[in-house]
Amino acid sequence: MADPKRRKRSGGRSGNTRREGAAIEQMPWRLPQNTDRPTEPLDADGVEAIHNTAMRILEEIGIEFLNKEAIEIFKEAGCKVEGENVKMDREWVMEMLSHAPADFHITPRNPDRKLHIGGKTILFGNVSSPPNYFDIEQGRKTPGTREQCANLLKLTQYFNCIHFAGGYPVEPVDVHASVRHLDVVHDKLMLTDKVVHAYCLGKERVEDVMEMVRIAGGMTDEEFESKPHMYTNINSTSPLKHDEPMIDGCLRLARRGQAIFVTPFTLAGAMAPVTMAGAVAQSIAEALAAIVLFQYVRPGTPCVIGTFTSNVDMKSGAPAFGTPEYMRATQMTGQMARFYKLPMRASGSCAANVPDGQAMWETSNALWSAVQSGTNVVYHAAGWLEGGLIASPEKFIMDCEMIQMIQRYMEPAITATGVDDVAFDAIKEVGPNGHFFGIEHTQQRYENAFYQPMVSDWRNFEAWEATGGVWTAERAHRTYKRILEEFEAPAMDQARADELREFVERRKAEGGAPTDF
């Protein structure tokens, strides 16, 4: 194990907070607290109807598990197993769910970036897993590269409103799949000091990432397994299936005490019923089937129930996001997550192909539905386009503007009602014939009284036109370039960095993860 007293690599910033000459003026790092009461479209009977339907799915229809180890575990637990189909009674399901923590923490290599998952905390993460990249400079959609992936990781680290690093922010298809996880996770651990993710795509990838996170944190195996230091997110194969590699990876993570997000991807009208209540009930059943497996294997495994329930465009069959149905499904799932006492994951998403008005109103709907639902973890919050097929740096920065506005919206100062806040004396001083610009009450507060944008331009048309009439996406692109120019990676102990590099080199020499090409 590396000596913690060994020297650190020179350079680096732990926070990338406000400083003279920075590319942007951004809000400081914080874990926002959502103090609003959640929107609850379901009454008590509605919650019971969805719960009962989810339980009937588990009891009467069953879930297909394509993982042989999981099948044997379910048999041991007394579930009804026929081939790959598993049926489980509701009493056992609820007993297993009682072991799942309502909240927990994940601690990355920088303990100042520790995350609280659950309660009123709402956290935002970067776009994850698009195979393609678009920016307005290249002007076209192209397969992702390692350089583009690294640049998006730099944005992930730079923005204080982005709390964790999800999967690959764009898939670097220029790196062979056998070693892609080694290169990208190495980049992630060197370019960020935030909580990171492992894909459950074969045992080698999961085991490699756990070891890399352990090395980067300078931990023994026992220290790594003592609490969550990373997480995975898996999807069911809707309708009503869980596949081999994802369940395998989760079982490995669960046995070592790491966090698991289970997020069915249910599109109403295609992979789920066309009605949102039916789609949500199916999604709940698929998620709970996996969560109870992990609780049986290791009671207390930190789990998050996710929602990715939306609808398809019934004219084209294409996925739609940020729709009224998507928003309601997210709110409904929030009610069910609270019913089961589980933290919840939702997403920022859109179907737009470029960072335009459609992209922003659909993403805004998605982000605000996460707020309304009491979501704890917002995946894909910054940078997502084309239903998750494109990552865009301009969209990333435009989304961070929205996320910062949401964080500002939640600050208690805005709704404070103390003597100075209700401002009776200030109103009396100005009276009916004055203005508030010059009075002491305003002068003491004007610098921090209101949200200050980093991309929005609040000048009038003439002033905007006089400085070139730059549209929002172009302003975001220029900000992106300035951030890359000034970016400095967070420091890492040199011995840990060397050990991490040596591990990656050794595993690459061994062939990494097996592939069929």
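Brief remarks follow.
- The I61 and D89 beta-carbon pair, evaluated with R₀ = 22 Å, returns a calculated FRET efficiency of approximately 0.95.
- Subtracting the Cα-Cα distance of E447 and D112 from 0.36 nm times their residue separation leaves 117.9 nm of extension gain.
- Ligands, DNA and RNA aside, I50 has an accessible area near 10 Å² when probed at 1.4 Å.
- Distance (nanometres) between label positions extended 7 Å along Cα→Cβ at T467 and S226: 5.1
- Computed packing ranks the peptides 321-328, 378-385 as 378-385, 321-328, most packed first, by mean other Cβ atoms within 10 Å.
- Peptides 154-167, 178-191, 490-503 ordered by average Cβ neighbours within 10 Å, highest first: 154-167, 178-191, 490-503
- Solvent exposure of the range 375-517 as accessible area per residue, Å², 1.4 Å probe: 56
- Overall, the accessible surface of the range 351-495 at a probe of 1.4 angstrom is composed of carbon and sulfur to the extent of 56 percent.
- Out-of-range pairs (alpha-carbon distance over 31 Å; input K188/K315; K188/K395; K241/K341; K188/K227; K154/K227): K188/K315
- Local electrostatic count, C161, Cβ distance below 11 Å [Lys/Arg +1, Asp/Glu -1]: 0
- Rolling a 1.4 Å probe over the heavy atoms of the protein chains gives the range 278-355 an accessible area of 26 Å² per residue.
- With a simple spin-label model that places each label point 7 Å from the Cα along the Cα-to-Cβ direction, the separation between M314 and D421 comes to 4.6 nm.
- Rounded to whole Hz, the Karplus (6.51, -1.76, 1.60) HN-Hα couplings of the range 125-137, x for glycine and proline: x, 7, 4, 9, 5, x, x, 10, 10, 9, 9, 6, 6
- For K194, K341, K120, the ranking by accessible surface with the largest value first comes to K341, K120, K194, using a 1.4 Å probe.
- Taking all protein chains as they are arranged and a probe of 1.4 Å, the heavy atoms of K203 leave approximately 100 Å² accessible to solvent.
- Calculated P(r) over Cα pairs in 20 Å bins from 0, in percent (choose from (1) 22, 50, 14, 5, 5, 3, 0; (2) 22, 55, 21, 2, 0; (3) 20, 46, 30, 5, 0), label: (2)
- Among beta bridges from DSSP that stay inside the chain, the antiparallel ones total about 40%.
- The chain - percent relative contact order, Cα under 8 Å, separation 6 or more: 21
- Length-normalised contact order of the range 160-204 in % [C-alpha pairs under 8 Å, at least 6 apart]: 58
- Accessible surface of the range 80-135, 1.4 Å probe, proportion on carbon and sulfur as whole %: 49
- Approximate spin-label separation E502-I414, in nm, with each point projected 7 Å along Cα-to-Cβ: 5.1
The values are calculated or read from the model by the stated rules, or taken from the named source; none is laboratory data. Please read these numbers as outputs of a predicted model, since none were measured by experiment. Glycine gets a Cβ as well: all are built from the backbone with ideal geometry, and neighbour counts include every protein chain shown. Heavy atoms of the whole protein, side chains included, go into the accessibility calculation; ligands, DNA and RNA do not. Shrake-Rupley method; radii C 1.70, N 1.55, O 1.52, S 1.80 Å.
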